[in-house]
1. Identify the residue in the stretch 132-149 that is closer than 20 Å to residue 223 by Cα and in contact with a helix residue (DSSP H, G or I) (Cβ under 7 Å, 6 or more places away or on another chain) and, among all such residues, is farthest from the ligand (Cβ to nearest atom).
2. Quick one: count up the residues across the stretch 150-162 that are under 23 Å from residue 203 (Cβ atoms), within 12 Å of the ligand (Cβ to nearest atom) and outside any loop (DSSP other than H, G, I, E, B).
3. Does residue 300 satisfy the criteria of being outside any strand (DSSP E or B), buried (at least 24 other Cβ atoms within 10 Å of the Cβ) and not assigned by TED's automatic domain parsing to the domain that holds residue 420?
4. Please go through the stretch 254-264 and pick out each residue that is in a loop (DSSP other than H, G, I, E, B) and in contact with a strand residue (DSSP E or B) (Cβ under 6 Å, 6 or more places away or on another chain).
5. When you scan the stretch 447-454, do you find a residue that is assigned by TED's automatic domain parsing to the domain that holds residue 351, under 25 Å from residue 338 (Cα atoms) and modelled with pLDDT of 95 or more, even just one?
6. Any residue at all in the stretch 392-399 that is at pLDDT below 95, crowded, with 16+ Cβ neighbours inside 10 Å and either part of a loop (DSSP other than H, G, I, E, B) or not assigned by TED's automatic domain parsing to the domain that holds residue 234 (or both)?
7. Being closer than 24 Å to residue 151 by Cβ, surrounded by 13 or more Cβ atoms within 10 Å (Cβ to Cβ) and at pLDDT below 95 is the filter here; which residues of the stretch 24-57 pass it?
8. Taking the stated definitions as given, is residue 106 out of contact with any helix residue (DSSP H, G or I) (no Cβ under 6 Å at 6 or more places or on another chain), surrounded by fewer than 17 Cβ atoms within 10 Å (Cβ to Cβ) and touching a residue at least 40 places away in the same chain (Cβ under 8 Å)?
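The values are calculated or read from the model by the stated rules, or taken from the named source; none is laboratory data. Since we're looking at a predicted model, the values are computed, not measured. Here Cβ is always computed from backbone atoms with ideal geometry, including for glycine, and neighbour counts include all displayed protein chains.
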Ligand SMILES: *Cc1c(COP(=O)(O)O)cnc(C)c1O
């Protein structure tokens, strides 16, 4: 190891508190220091090149190293690095970006509220839907229904909306008036049932919950079109249209958290456009700037915007960095690239279907169960015996074993329990998908070897050749 690596690692552990990290255990190992990036690849301080199949944290949609975004930021910083929109002022990039996003979202939408992250945007959603109902004379409509294993961010409100038990376990969460239903996870919950029938049943859990709480107390339902951090849970195609029908039936607002699915990941500008929902509010962040600068927000549908604007008076909510001119200028340059290079169409027509084909082949690997993709999101479950649908004992942390092989072999693939997930940058080509699949096969074979050596697999099984 080079001295620079060990020096930075020592300072890292002395001064820097990382998100979602057990510091005592990290201090023993030392963090990997990422020093540069280009295209699909990142490099660490030891000069190791790594294929980033997670687009950072689901955000680097156009890939790393695009000079156009650097230029947009530089120019905007020189002209106007910052000004707020609180006191009857505005700035050009924020206006242009709001108009552009409304155009991409479609006829249902009229305005955008900006923040700097997905978490903040979901805080905004709670404030906005409760203010909406109070303005309409129904202040008792406060409850927001979400789902187990959902991820909506890490602020008090974001973590409360989320359905992660280990997050609720710290800090006295969830906050009041948030309820959760089960997630539409066919392979994990009821794989033997017909998938479409399962989708209808899973959406029905929302109706049950509405009736249990009382429709006159429910403000909104929130869901990620495809659950990301929960392990890339792709719902049956019947699910979202049925959720929409139920929301309409009881007049409750629908919020789609598009922080991952937005800006092209599923081959449409927003995931709900593909999956058959027409949300009243859409949360965005991550891909809007491809992660080059922090920016988030809420796309507001006409139903909500009309009430807020014409009857709501002051909305007592906002952030110092709402509509930050530099972040908005970078987002505009990012959308230019997504449009001019046809990346969203390419995901829908070419790379998305190709990844689906390659993942169908991956299903033949002895460890792989329930491999599924949608656009450029994909996941599978590491199975002890997939014929008999037997999972590994959770405490064996088989997902971590696989992730460590990926890490050691130059591939970033994430483990959520024993689900292995990817979400590569949208500029990935078919040839680069082949490169990625080679790495995935290699890491799966190495994992299988280790599991057999450890005695975690019942018997030696035939390995599929990494074609
Ligand atoms: C990442 C994420 C968030 C939180 O975004 P931050 O920018 O980390 O606050 C919210 N919702 C979803 C679906 C996410 O994936």
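1. The qualifying residue farthest from the ligand (Cβ to nearest atom) is 141.
2. Qualifying residue count, the stretch 150-162: 1.
3. No: the conditions fail for residue 300.
4. 258, 259, 262
5. No - not one qualifying residue is present in the stretch 447-454.
6. no
7. Answer for the stretch 24-57, where residues must be closer than 24 Å to residue 151 by Cβ, surrounded by 13 or more Cβ atoms within 10 Å (Cβ to Cβ) and at pLDDT below 95: just 26.
8. Taking the combined requirement at face value, the residue satisfies it.
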